[in-house]
Every structure is written in C-alpha cells, then in structure tokens.
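What follows is a set of notes on a single structure, which appears directly below.
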Amino acid sequence: MLLAALLVLTTLVPRIEGQVHALGAPAAGVAAPHPIAAPFYQHAARAVSNWRMEASSLRPVSLAAVAQLTPTEPAFVARCAKLNNYWCIKSARWPGEIGSDADGHTGFASAADGADAAAHLLRRYYRDYGRRTALAIVRRWAPAACGLPGTGAGGGSASAGPSAPRGLGRTLRARYLARHLPGGAPRRAIARVRAPALRVQPWSALARMGGRPAPRRVGQVPMPKPVPDLAARIAQTSPGPKPAHRGADDPAALLDHRVPSPDQLVVESAALPLIAGLTLGDLRAPAPLCGGDEARIANYAAAIARSVGLGANDDLALFSADGAPAPNLAPVMLAMSAVELGALHAGPGLVQAAIARLGPAAEAPSADAAR
C-alpha cells in the first residue's frame, strides 16, 4: 500500500507543476492570446463596432449599462451615440474619424475622439466665426431644415429658400400623387376588370344574328314642360336694388375689381381687434416657412444658455482672448450633448479630459467644420 502511494506521487507531481506554471504564464506578462480588434464603421447598422464598450462614458449610468448589456439596441439610444459622436458632428476629416452615415455624421473610433472634435469645433465657432451666443452657435451647429432665414445674433441664412417655391409642380410629393391612388395603392397595380365574353349557344337567337345583338329602338321622349322660375318672380315683386352678378354668372366682371394694396390691407387690419401676442408689425412680415424648426433651435439655444445662467443672446464666455478654455465650456458641452442624445449625455469625466487635451489655438486641427 505504501509502495503504491509513492509511485502515484512520483508520477503526478511533475504534471501538476507543469500545469501550475502554464496557468501562471499569462499573469507574468505574456501577451493575451486574443487581442482586441480595431474599431470599424458598420455601414448596415450605421454604427461603430465598439460603441457599446464606449457607452461607459455616457450618463446616467443605469441607462448606459442597459445600452451596453442588452442584446438588442434600445429605443432610447440615439444614432449619434452609436457613432461615438455624442455631439453629432459632421464629417470633416477629424482625427479618429473612421466613417460617416448617410447624413454626414462622423463615426469616431472612440468617444474621446468625438469629445476632442467637439471642443475644437466650439473654439472655431467662438474665435474664428465670431459666434459667441448660444443662438448663433446653434443656428450653424444644427441649422434649420427649411427656408426660414436666420435673424439671430450672428446667424445667416438657414437655407437657400423654401422647399417648394412653385407649389407641388415637379416635387417628389407631386410625382407620388401622380403614381398612386388616393388610398396609396399604385395605379399600375389596379387593372380594369373586364367581364368575360358571352358564350353564344348554337341554338340561341343570338347565334342566328351572327353573334351581334339587335339594336335597341329608342322611342321619342316627350319634352318636359317648362317649370316657372319662382326666383325670377320673387325678384320682380320684391323692392330694392337689383343684386350684383356673381363671378359664376359673369366671370368678366371680376376683372374690373381693384385689388387693394398691401398698405391698405395693413391699415384695414389695424381697425380689427388685435389677437393676443400679435402686433401691427407682424402683419407686414411674411408668414414663417419653418416655425417648428425655429422653435427647436430656440429650445436648443435656451438649454445651452441655461446651463451657465445666461440668455440665448448673451456671450457664453467659452474661451479667453488667447483661446484658453474658460469654466463655462464644460457645462455648455454637457448641455449640448444632452440635447443631441436625448435620454443619454456625455459624462463629466469625458468632457473634462477633452478640455484638458485641448491645446493652444494655433494647434487646432485644420478641419473644414462645415455644419
């Protein structure tokens, strides 16, 4: 019995020592057998491959953890979050840019690259473009999508003109209406249903007539008796001036009517009771073409200015005269990220690290920041 135990120990001890050395080899500094792959842009998913890993930089932590661990993409995750681009910056050959979606939003290799680009772009807006207020920054950062010209501080024209200056004309909406029925079904899919041809039996009278039915004899319909015009009799018996002709009765009479001038319309409108919030000067202004988009821009600018206790038309004081970051830069970047991403926003650590890496103004990247 003792001899058998000695034989077992002498046989198993060398094997156990070899396994222990093999397990301890990775802890001693040996390279990992499966290195992490470089991030890349996924065109089908319109996302960067490592966006879930980079989502640890987002806040609140609970929603960021759900975005990281859930097998499906949650509805509250904005598309810019999946691009590691928490400020929705457009593509302009930024450092760390690895792709862009159909709308031109940049896909960054990491969230830190996106934060660096946002800090550099804000400095270009503030110092090079002279956009120092929240409203002026938003009008170019997130411009209007239709033809209302910008009138804010430092704001230019938001777009070239209205979306359909000549009505429907040759627009996509007009072509869609021409190709589809009122219910939405395509016109070419609705075929005219024809009744099947009659089967002529050889013993029928129609066969003896060569397959052609006999013509119908239409008798003479008596003409109806004229109905007395009661309206004409009432008009003749009622006193008073004769009513004027309508446009349907005499279309040529409409050409004699004089169209009042705009000034006359304004004067006549001034005699009407004013609606709450409407002044006389508003009557001369053209009707807004993009009222909803202007409201979005105003809300965006108000959120930025509110983060530092200022108004939408006040100087945000983001940078000093020599281009050094000011204390207001961090809260403004956090507020802009919250507006762009909705439920999520960039964490304070990510923003503070990007501001710390922001070098002098002369070292800013020469990217074409065309937003």
Being over 14 Å from ALA330 (Cα atoms), surrounded by fewer than 23 Cβ atoms within 10 Å (Cβ to Cβ) and modelled with pLDDT of 95 or more: is that true of ARG123 here?
no
Within the range 136-160, the residues that are more than 19 Å from the chain's Cα centre (by Cα) and either among the β-branched types (Val, Ile, Thr) or at pLDDT 50 or above (or both) are ALA136, THR151
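Please enumerate the residues belonging to the range 325-353 that are assigned to a helix (DSSP H, G or I) and within 18 Å of TYR126 (Cα to Cα).
Keep residues of the range 325-353 that are assigned to a helix (DSSP H, G or I), which gives 329-341, 348-353.
Across the range 325-353, the qualifying residues are LEU329, ALA330, PRO331, VAL332, MET333, LEU334, ALA335, MET336, SER337, VAL351.
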Contact list, first residue from the range 127-140 and touching a residue at least 40 places away in the same chain (Cβ under 8 Å) and closer than 11 Å to ALA312 by Cβ, second anywhere and of a type in the set (Phe, Trp, Tyr) and surrounded by 19 or more Cβ atoms within 10 Å (Cβ to Cβ), beta-carbon distance below 7 Å, six or more apart or interchain, is ILE137/TYR125; VAL138/TYR300
Does ASP322 count as more than 20 Å from the chain's Cα centre (by Cα), outside any helix (DSSP H, G or I), over 28 Å from ALA81 (Cα atoms) and at pLDDT below 95? yes
- Of the residues that make up the range 56-66, is at least one of a type outside the set (Val, Ile, Thr), part of a helix (DSSP H, G or I) and more than 15 Å from ALA343 (Cα to Cα)? no
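The values are calculated or read from the model by the stated rules, or taken from the named source; none is laboratory data. All values derive from a computational prediction rather than experimental measurement. Positions of Cβ are backbone-derived with ideal geometry, glycine not excepted, and every protein chain shown enters the neighbour counts.
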